[in-house]
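Below is one structure, written out as structure tokens; comments come after it.
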Amino acid sequence: MLRRVREQQFTPIVEEVGLEDALGRVLARDVRADRDYPPVARSVRDGFAVRAEDLPGEFEVIGEVRAGERSALQAGPKQAVEIMTGAPIPAGADAVVMVEHTTREGGLMRTERTAKPGEFINPAGSEARAGRAVVTGGLPLTHTRIAMLATVGCLRVPVYRKPAVAILSTGDEVVDAVQTPLEFQVRNSNAWALAAQVKHAGGEPRPLPVARDVYAHTRELVERGLREDLLLLSGGVSAGKYDIVEQVLAGLGAEFFFTRVLVQPGQPLVFGRVQNRFFFGLPGNPGSTMVTFEIFARAAVELLSGIVEPQLPFLSARLTRDFRHKPGLTRFLPAVVSADGGHVTPEPWQGSSDVPAMARANAFLVVDAERDFWPAGEWMPVLLQ
């Protein structure tokens, strides 16, 4: 089913931002080098620039060259130019001897070292050639890539706009998190969790009021949500008498790509499109909402953010104790991965409404639908939160 999400035509929108606001954004197109890097051959050590064929021996020091200056010096036979890291290599020289490997008396430098041509020299154009892509479009901008953009003078950056993601919780039992719920009510934790997950995936959350289990009210809020780039609904997609989300979406002419997935928690999951807007109907229990967003909806947010190939953060870790489950569904269960990432411990939980267990966990243990037992020490796939 994740393949069905990834194969849809999500269309990210390009905008331009200042480099200071580019961290974490996805670059919309290649940025190319404006010149060779480095533009001239440079020393990568403090020392003396010499002709490699003259080593070892005694050299006449004819001057020095520092980083940030030009030099007209030219090294001839048995001549050396004192040079600093980053300084351009003087004409005639083809190697650098580190200062630690030399002795100096007055105008003479001695060394017992040999060197090959090019030693401790960064050749012109060895890092990047003019016109070559130095940061590829479709990549998120990290601090290292921002450094590269600054290096080539790209201070206005073409990036994909963060997608606006509407978040609509449904259900008469759901009240705002600031309220004190009655015994038959629950606070709207799903909207807060989804907002955090959307931000983490590169989107901008747009929470909506809770939709009551009334067709007209739910439709009104769904129509508002469909004005954004993506709509996430939580609740109202099961088979209950008052689960009306699919009915509302169908009434708006929705195309449904799937309405159920063979995972737990989260079997009743709806994915589709109304005209040119995609939506997910996520299950209402908090654990189900969190899991199905990570497995399915996150990819849509990332595609709208410009990520070319969304990847789930899986790793393998050894079980710290025996584990059993009822086969038939692939399960994503709360678990704790050790700090070194090598071991995983299933977290006891009471089902998909058990938010305390989800909060104690830092990962989901991915349990194969075809097996019922894993001994302690066996490797298990884990999805990081």
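The values are calculated or read from the model by the stated rules, or taken from the named source; none is laboratory data. If you're wondering where the values come from, they're calculated on a predicted model, not measured in any experiment. Glycine also receives a Cβ, built like all others from the backbone with ideal geometry; neighbour counts cover every protein chain displayed.
Please work out if Pro313 is under 30 Å from Thr136 (Cβ atoms) and either charged (D, E, K, R) or surrounded by fewer than 23 Cβ atoms within 10 Å (Cβ to Cβ) (or both). First the steps, then the outcome.
On the way: under 30 Å from Thr136 (Cβ atoms): yes; either charged (D, E, K, R) or surrounded by fewer than 23 Cβ atoms within 10 Å (Cβ to Cβ) (or both): yes.
So Pro313 fits the description; yes.
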Taking Gly86 and the conditions (1) touching a Gly at 6+ places or on another chain (Cβ under 9 Å); (2) more than 24 Å from Pro39 (Cβ to Cβ); (3) in a loop (DSSP other than H, G, I, E, B), which numbered condition does it fall short on, given that it satisfies the others? (2)
Can you name every residue in the range 131-148 that is in contact (Cβ under 8 Å) with a residue 40 or more places away in the chain and assigned to a helix (DSSP H, G or I)? His143, Arg145, Ile146, Met148
So, in the range 280-297, how many residues would count as being crowded, with 23+ Cβ neighbours inside 10 Å and touching a Pro at 6+ places or on another chain (Cβ under 7 Å)? 6
Pairing a residue in the range 305-333 that is in contact (Cβ under 8 Å) with a residue 24 or more places away in the chain and in a loop (DSSP other than H, G, I, E, B) with any residue that is among the polar types (S, T, N, Q) and surrounded by 14 or more Cβ atoms within 10 Å (Cβ to Cβ), where Cβ atoms lie under 9 Å and the two sit 6 or more apart in sequence or on different chains, gives Pro313/Gln385; Thr320/Thr345; Arg321/Thr345; Gly328/Gln264; Leu329/Gln264; Leu329/Gln267
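Could you list all residues from the range 280-298 that are aromatic (Phe, Trp, Tyr) and in a strand (DSSP E or B)?
Looking only at the range 280-298, we keep the residues that are aromatic (Phe, Trp, Tyr), and these are 280, 293, 296.
Residue satisfying the conditions is Phe280 alone.
Looking at the range 1-39 only, could you name the residues that are among the aromatic types (Phe, Trp, Tyr) and closer than 24 Å to Ser126 by Cα? Explain how you work it out, then say what you get.
Taking the range 1-39 as the starting set, the residues that turn out to be among the aromatic types (Phe, Trp, Tyr) are 10, 37.
Within the range 1-39, just Tyr37 meets the criteria.
Being buried (at least 16 other Cβ atoms within 10 Å of the Cβ) and in the same structural domain as Ala150 (by TED's automatic domain parsing) is true for just one of Gly131, Gly137. Which residue is that?
On the way: Gly131 fails: buried (at least 16 other Cβ atoms within 10 Å of the Cβ).
Result of the check over Gly131, Gly137: Gly137.
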Could you count how many residues in the range 65-83 are small (Gly, Ala, Ser) and more than 17 Å from Pro39 (Cβ to Cβ)? 4
Please work out if Gly118 is assigned by TED's automatic domain parsing to the domain that holds Glu20, surrounded by fewer than 17 Cβ atoms within 10 Å (Cβ to Cβ) and not in a helix (DSSP H, G or I). no
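Inspect the range 89-111 for any residue being among the acidic types (Asp, Glu) and surrounded by fewer than 15 Cβ atoms within 10 Å (Cβ to Cβ) and give the result as yes or no. Give the derivation first.
To start, the set of residues in the range 89-111 that are among the acidic types (Asp, Glu) comprises 94, 100, 105.
Going one step further and asking which of them are surrounded by fewer than 15 Cβ atoms within 10 Å (Cβ to Cβ), we end up with 100, 105.
Yes, there is a match, as at least one residue in the range 89-111 is among the acidic types (Asp, Glu) and surrounded by fewer than 15 Cβ atoms within 10 Å (Cβ to Cβ).
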The range 166-279: helices (runs of 4 or more DSSP H) wholly inside it with 2 or more residues that are surrounded by fewer than 16 Cβ atoms within 10 Å (Cβ to Cβ), on the phi < 0 side of the Ramachandran plot and within 29 Å of the chain's Cα centre (by Cα) are 189-200
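Okay, residues lined up against (1) touching a residue at least 60 places away in the same chain (Cβ under 8 Å); (2) part of a strand (DSSP E or B):
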position	(1), (2)
Pro77	no, no
Ala80	no, yes
Ala93	no, no
Ala150	yes, no
Val157	yes, yes
